[in-house]
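Chemist: Let me begin by handing over the structure; questions about it come next.
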Amino acid sequence: MTHTPTFRAVAATTLLLSIATSLAAQDSAAAPQLVRYRIQPSAIAANVKRFDEAHYIVFDPSGPPDAPLLVFMPGTGGRPLNTTDFADLAARQGYRVIGLQYVDTPAVEQICPRNPDPNCSENVRRKRIYGDNVTSLIDDRPDESIVSRLTTLLQALDQRHPNEGWSRYLANGQPDWTKIAVSGLSQGAGMAAFIAQHTLVDRAILFSSPWDQLARTRSLAPWVLDGHGKTPVERWYGAYHRNELTADLIGRAYSSLNIPKDHIHIFTLPPAHSAGPNPNHASVVANGSTPRAPDGSPAYLEQWRAMLGDMHHP
């Protein structure tokens with residue numbers, strides 16, 4: 001279906017393209033090879049009315065022509081702009097990167113731990129990712145799903161920048177997951193794990209999740225116990241902080257997903273900012289709370305590099 005752009009959508013698109021150009025110019029002094037765009041979901045899909053923080057896109061135009069796409073999904077209430085340090089590093093490692101804004105509340109862990117249905121978290125994640133109407137516990141629409149938003153964004157990027165190769169990450173109007181690495185923080189990492197378990201992806205990089213559980217027994221949700229699924233174990237990587245509140249559950253989940261022990265990084269440094277009841281949780285990758293080295297760079301750069309790999313020399 002073809003939609004006629006409204007004045008609001010056209011104006012928003014013009015503004016965001018101006019911002020993207022400005023960002024690329026501002027970045028030229030520090031890292032001239034990186035190109036950055038911010039695109040608001042409602043500027044490319046007129047039916048998007050909520051969860052409208054900008055997607056964050058970054059890449060090195062001189063990178064490998066067959067570079068995988070890394071899709072990073074933030075945690076509950078998060079924004080793609082909260083994890084740009086990691087996204088920018090991934091771009092320098094040779095990825096195309098999309099920080100994807102998606103419907104992230106209510107969170108899986110706000111709904112399911114005390115729900116008597118052991119498949120609650122699987123159903124919520126399936127609906128939120130693919131748009132399948134398998135539960136009434138969330139009101140996500142199919143056109144708001146992660147897959148729908150990613151597809152719409154890739155199509156928009158290809159239309160606006162036809163020489164940049166964004167269409168290579170699509171096949172038959174859907175994401176070509178074999179060319180896509182999935183990553184995320186907290187709820188977003190759980191989404192990445194679910195996708196990687198059910199579809200062959202290029203790589204799965206998880207930060208502090210999943211920890212879907214049945215609260216009465218503190219046992220992991222059945223889907224987590226199903227192992228690595230369709231993505232081979234050597235493509236899975238995980239990290240969490242030793243002192244976050246659900247560290248034991250996350251460790252057990254990574255074991256259940258068959259992530260190799262040498263692919264798991266347990267962080268120990270105090271967070272840069274200690275806000276909230278679980279400050280260590282976001283400190284593994286979020287800009288504001290990730291601890292810093294003396295030069296101001298993220299203290300976990302080497303661990304992030306190990307999880308990402310070098311796409312220039314795969």
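Chemist: Within segment 237-255, how many residues turn out to be within 17 Å of residue 187 (Cα to Cα) and either surrounded by fewer than 24 Cβ atoms within 10 Å (Cβ to Cβ) or modelled with pLDDT under 95 (or both)?
Modeler: So the answer is 8.
Chemist: What tally of residues in segment 195-225 results from selecting those that are of a type in the set (Val, Ile, Thr), open to solvent by 30 Å² or more (accessible area, probe 1.4 Å) and within 16 Å of residue 177 (Cα to Cα)?
Modeler: Here the count works out to 1.
Chemist: Can you tell me which residue in segment 131-150 is least open to solvent (accessible area, probe 1.4 Å), limited to those that are under 14 Å from residue 48 (Cα atoms) and among the hydroxyl-bearing types (Ser, Thr, Tyr)?
Modeler: 145
Chemist: Can you tell me which residues in segment 97-113 are over 24 Å from residue 299 (Cα atoms), β-branched (Val, Ile, Thr) and buried (at least 24 other Cβ atoms within 10 Å of the Cβ)?
Modeler: Across segment 97-113, the qualifying residue is only 108.
Chemist: How many residues does segment 200-242 hold that are outside any loop (DSSP other than H, G, I, E, B) and out of contact with any strand residue (DSSP E or B) (no Cβ under 7 Å at 6 or more places or on another chain)?
Modeler: Looking only at that region, the number is 6.
Chemist: Does segment 138-157 hold any residues that are among the hydroxyl-bearing types (Ser, Thr, Tyr) and part of a loop (DSSP other than H, G, I, E, B), and which are they?
Modeler: Residue satisfying the conditions is 145 alone.
Chemist: Here is a check on your reading of the model: is residue 40 in contact with a helix residue (DSSP H, G or I) (Cβ under 6 Å, 6 or more places away or on another chain), open to solvent by 30 Å² or more (accessible area, probe 1.4 Å) and modelled with pLDDT of 50 or more?
Modeler: yes
Chemist: Being over 13 Å from residue 38 (Cα atoms) and in contact (Cβ under 8 Å) with a residue 24 or more places away in the chain is the filter; apply it to segment 48-60 and report the residue that is surrounded by the most Cβ atoms within 10 Å (Cβ to Cβ).
Modeler: Applying the filter and picking the extreme gives 60.
Chemist: Further question: Pick from segment 256-266 the residues that are free of Cβ contacts under 8 Å to residues at least 40 places away in the same chain and in a strand (DSSP E or B): which of them is most open to solvent (accessible area, probe 1.4 Å)?
Modeler: Applying the filter and picking the extreme gives 266.
Chemist: It is to be established whether one or more residues within segment 267-288 are within 22 Å of residue 203 (Cβ to Cβ), β-branched (Val, Ile, Thr) and open to solvent by 40 Å² or more (accessible area, probe 1.4 Å).
Modeler: no
Chemist: Still on this model: Which of the following residues is assigned to a loop (DSSP other than H, G, I, E, B) and buried (at least 23 other Cβ atoms within 10 Å of the Cβ): 94, 63, 75?
Modeler: Checking each option against the conditions leaves just 75.
Chemist: In segment 174-202, what count of residues is obtained for those that are touching a residue at least 40 places away in the same chain (Cβ under 8 Å) and among the polar types (S, T, N, Q)?
Modeler: 4
The values are calculated or read from the model by the stated rules, or taken from the named source; none is laboratory data. Note that the structure is a prediction, hence the values are computed from the model and not measured. Don't worry about glycine lacking a Cβ; one is built from the backbone with ideal geometry, like all the others, and counts go over all protein chains shown. These accessible areas exclude ligands, DNA and RNA; they are computed on the full protein's heavy atoms, side chains included. Shrake-Rupley method; radii C 1.70, N 1.55, O 1.52, S 1.80 Å.
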